[in-house]
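Encoded as structure tokens, the structure appears first; notes follow it.
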Amino acid sequence: MTLLLFAGVLLGAMALGMPIAFALMLSSLALMLHLDGIDAQAMALQMINGADSFALLAVPFFILAGEAMTAGGLSRRLVQLGMALLGHVRGGLGYVAVVAAIFLASVSGSAVADTAALGAILIPMMRRAGYDVPRAAGLMAAGGIIAPVIPPSIGYIVFGVASNVSITALFLAGIVPGLLMGLALAVTWWFCARSEKATMLPRASWAERGRALRDALLALMLPVIIVGGLRFGIFTPTEAAVVAAVYALFIGMAVYRELHWRDVPEVLLAAVRTSAAVMFLVAAAAVSGYMITIADVPSEVQALLEPFAGDPRLLMLAIMVLVVIVGTALDFVPTILILTPVLMPVVRSAGIDPVYFGVLFIMNNAIGLLTPPIGSVLNVVCAVARVEMGPVMRGVMPFLAAQLAVLFLLVLFPQVVTVPLSWFR
């Protein structure tokens, strides 16, 4: 009963056009009324406590790092390096998109920002070269969702805070699954590119490749600094976010000199706007998480999943199907904040590694960014490519299937996540 009440109020408020943060607060009020009383002081206290987290400080700094990379020319140089290495092969710009998506993911953590950066640079080039634009836009969107899986990831930070799971372990565990997502896209593009009759770029000389590598080297050092610092315990994820932001600002302003002092307020304002939206969602979800626990909603979910509890793989598959369905109606961060307090007790009672679950959970929510009607990454790529949603949806389908296949592979073989994590640790 409480589960239906919470879900009904939440989805009903969203259907009426209410912002998700306010819909979460309204559903929490509904649970309070159901439990005989509204405590405004408890709501305010839970919102403050939900946002009062040292780990969550990483969110605005990683967002700032991504904005500074785009404005300072770091993102563009990573794309140019991919073009110098792969632009001359059949379907070369598609492979460039995949490689650049992995590069950008390792320094940004935002699917929407990476998709916008990739699309703005590569889609006009692919259109001029004669590529199928809806298919190219679908590839950009599918490449963009690698960002929440490869560290640094805002999704891992939010999930880690909500579930009390080590963010550093999540970062390290996400490296191999993120690379597998990129490999799956490259293989899928190889099949799709056989029907493309696009013009190939001239082969870059070794001198040109060397210059491209030299120009991008400072941008490539950022993921090495972040992952290396986390691996050897030099800094925490929050401190890594500060390092990333300062590094991106310094390189953009002092080395590449594409980011000027007059541009800094705009970069900061863009980061503040995104951070404020995320943090308000976190605060509102803290109230929902508190009420979900008080109303014992996880027990109802556990009862629903009881038929699968005997087999951890079957249980994981059932949870992943549930998250895919929810992901069609909710955006990335709200899905994490709503489902984490509901699913984590079930996962822990089944003996599933919380870090392994967290990686698959974030990957599944990232895939939800490609599913309509919410699909924020799809909406971004449609705007950048100036293409209607229908053709882009058809173009993204092969790549969406490839990402779901990787997710299914990780459900069947948890060792793909857990064994490399033990190496990195």
Tally up the residues in the range 291-311 that are in a loop (DSSP other than H, G, I, E, B) and either surrounded by fewer than 13 Cβ atoms within 10 Å (Cβ to Cβ) or among the acidic types (Asp, Glu) (or both), please.
3
Within the range 40-60, can you find the residues that are assigned to a helix (DSSP H, G or I) and loosely packed, with under 14 Cβ neighbours inside 10 Å?
40, 41, 44, 48, 49
Would it be correct to say that residue 311 is modelled with pLDDT of 85 or more and more than 24 Å from the chain's Cα centre (by Cα)?
no
Any residue at all in the range 164-182 that is in a helix (DSSP H, G or I), exposed (fewer than 15 other Cβ atoms within 10 Å of the Cβ) and either more than 17 Å from the chain's Cα centre (by Cα) or aromatic (Phe, Trp, Tyr) (or both)?
no
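Here is a list: 79, 96. Which entry is under 30 Å from residue 235 (Cβ atoms), over 19 Å from the mean Cα position of the chain (by Cα), buried (at least 19 other Cβ atoms within 10 Å of the Cβ) and among the β-branched types (Val, Ile, Thr)?
79
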Taking the range 239-266 and keeping only residues that are charged (D, E, K, R) and on the phi < 0 side of the Ramachandran plot, one is left with 239, 258, 262, 263, 266
Could you say which residue among 355, 342, 359, 347 is buried (at least 19 other Cβ atoms within 10 Å of the Cβ), over 30 Å from residue 127 (Cβ atoms) and free of Cβ contacts under 8 Å to residues at least 40 places away in the same chain?
347
Step by step: first the residues of the range 1-17, then only those that are closer than 19 Å to residue 299 by Cβ and loosely packed, with under 12 Cβ neighbours inside 10 Å, then the one that is modelled with the lowest pLDDT. Which residue is that?
1
So which of 267, 287, 255, 282 ends up being under 29 Å from residue 179 (Cβ atoms) and crowded, with 17+ Cβ neighbours inside 10 Å?
282
Filter result for residue 149 (at pLDDT 80 or above, surrounded by fewer than 22 Cβ atoms within 10 Å (Cβ to Cβ) and either in contact with a strand residue (DSSP E or B) (Cβ under 9 Å, 6 or more places away or on another chain) or not in a helix (DSSP H, G or I) (or both)):
no
Can you find, within the range 227-261, the residue that is nearest to residue 161 (Cα to Cα) among those that are of a type in the set (A, V, I, L, M, F, W, C) and part of a loop (DSSP other than H, G, I, E, B)?
235
Quick check on this structure: which one of 133, 158 is surrounded by fewer than 24 Cβ atoms within 10 Å (Cβ to Cβ), of a type in the set (A, V, I, L, M, F, W, C) and either in contact with a Ser or Thr (Cβ under 9 Å, 6 or more places away or on another chain) or in contact (Cβ under 8 Å) with a residue 24 or more places away in the chain (or both)?
133
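The values are calculated or read from the model by the stated rules, or taken from the named source; none is laboratory data. Model, not experiment: these values are computed from the prediction. Backbone-built Cβ (ideal geometry, glycine too); neighbour counts: all protein chains shown.
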